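Down below is the structure, laid out as structure tokens.
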Amino acid sequence: MRNALTEKNMDEKDLKIGSFPREAAPTGSSPTNDSNGEEAIEQIALYRKKRVIIPLSIVVIIGAVALWYWYMNLRGFNSTDDAYIDADRVVLSSKILGRISQLTAGEGDTVVIGQIIVRLDDSDLRAQEQQSRAAVNSAQQNVTLAKVNLDKAIMDFQRADKQYRDKVIPQEQFDHAQKAREAAEAQYAVALAQVEAAKAQLAVIQTNLQNTVIASPLSGEVAKRWVLVGDVIQPAQPIFSIYNLDSVWVTANFEETKLSTLRVGDQVEITVDSYPAHEFRGKVFQLGSYTAAQFSLIPPNNASGNFTKVTQRVPVKISIENPSSQRTPLLPGMSVEVKVRVK
């Protein structure tokens, strides 16, 4: 019975303690966040907070990736994306005024050195050639006539000289014979000069006739056709632009501040935008001796009162050790990124 009373008293005490309001819990009791017993957010350690750990982890990962990229791709390299494929180019033009009568090549065609690809109308020049030949024949006949007159004048002078010494003719007749001989000699010289002038004129016309047939000065591919059949072209007007695709290289414009680290023979990694999966390699074979701005349409004049310093770029030529194939043709003007391994 005593035991029963004891258990009853303990149950009443437990009931009183359980009904004690949570707000009035003793100060020394352990803090909780809710009825489930979770800790308050202010009491969680910093390294356990997700809103801190996740951004910090992202920053660390980005920093590690950036450090790895710098170590693998930028450390020990001098790079630029201001580069392009370059090649030997010829702008074919005419030396004379004329109308195009025939074009034997078009854009994309392959031509060889010496191949005739342009013909100009030569009908006017053919007529001028016949006229010049007639002028040459006429001048030669004048030479023959002048030679006959000269021979006659010489013989007349010789007889007059003998007669004058024998005092058969007066001084006046002797002087006339002498002057006639001198005039005949001058006419003969003029006739000879006219022959030479007519021949020279004929040679000019024949040269122009040769210029009506235009051949390719190099082997390569026609990149651009500027005119059509029937167009009348002026001297030096472009007709075709021809590139030699068997000899291509990379022209990279490096900043002048990076030029001191470059040397002829440095190894280069080349990435062509058209073929990002294909890696090309090359070597530096020429460092530019000028800045690109010097050959611009309006070169800078730094002698003016207002001056803004701009970092200049110097062209560097890079050979390509593994040239293009049918699957990866390198065409002039393609954008390129280069990385030079500096020593």
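The values are calculated or read from the model by the stated rules, or taken from the named source; none is laboratory data. Only a predicted model underlies this, so the values are computations on that prediction, with no experimental measurement involved. Neighbour counts are summed over all protein chains in view; Cβ atoms, including those assigned to glycine, are modelled from backbone coordinates with ideal geometry.
Residue-wise test of (1) of a type in the set (D, E, K, R); (2) in contact with a Lys or Arg (Cβ under 6 Å, 6 or more places away or on another chain); (3) in a strand (DSSP E or B).
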| residue | (1), (2), (3) |
| --- | --- |
| 259 | no, no, no |
| 263 | yes, no, no |
| 271 | no, no, yes |
| 276 | no, no, yes |
| 282 | no, no, yes |
| 286 | no, yes, yes |
| 289 | no, no, no |
Hey, among the residues in the range 171-213 that are within 30 Å of residue 159 (Cβ to Cβ) and acidic (Asp, Glu), which one's surrounded by the fewest Cβ atoms within 10 Å (Cβ to Cβ)? 172
Restricting attention to the range 153-171, which residues are closer than 24 Å to residue 186 by Cα and of a type in the set (Val, Ile, Thr)? 154
Consider residue 285 carefully, then state whether it is out of contact with any helix residue (DSSP H, G or I) (no Cβ under 9 Å at 6 or more places or on another chain), among the aromatic types (Phe, Trp, Tyr), in contact (Cβ under 8 Å) with a residue 40 or more places away in the chain and under 26 Å from residue 330 (Cα atoms). no
Considering residues of the range 60-98 that are among the β-branched types (Val, Ile, Thr) and either crowded, with 16+ Cβ neighbours inside 10 Å or at pLDDT 85 or above (or both) only, the residue farthest from residue 213 (Cα to Cα): 61
For the range 103-116 the number of residues that are crowded, with 18+ Cβ neighbours inside 10 Å and of a type in the set (Val, Ile, Thr) is 1
Among 147, 162, which is in the same structural domain as residue 204 (by TED's automatic domain parsing), among the basic types (Lys, Arg), assigned to a helix (DSSP H, G or I) and touching a residue at least 12 places away in the same chain (Cβ under 8 Å)? 147
Is there any pair linking a residue in the range 295-323 that is buried (at least 16 other Cβ atoms within 10 Å of the Cβ) to one that is modelled with pLDDT of 75 or more and charged (D, E, K, R), with Cβ under 6 Å and at least six apart or on different chains, and which? 312/256; 313/255; 314/256; 319/283
Report yes if residue 244 is surrounded by fewer than 13 Cβ atoms within 10 Å (Cβ to Cβ) and among the polar types (S, T, N, Q), otherwise no. no
State which residue is farthest from residue 203 (Cα to Cα) when the search covers only the range 117-131 and only residues that are surrounded by fewer than 19 Cβ atoms within 10 Å (Cβ to Cβ) and not basic (Lys, Arg). 121
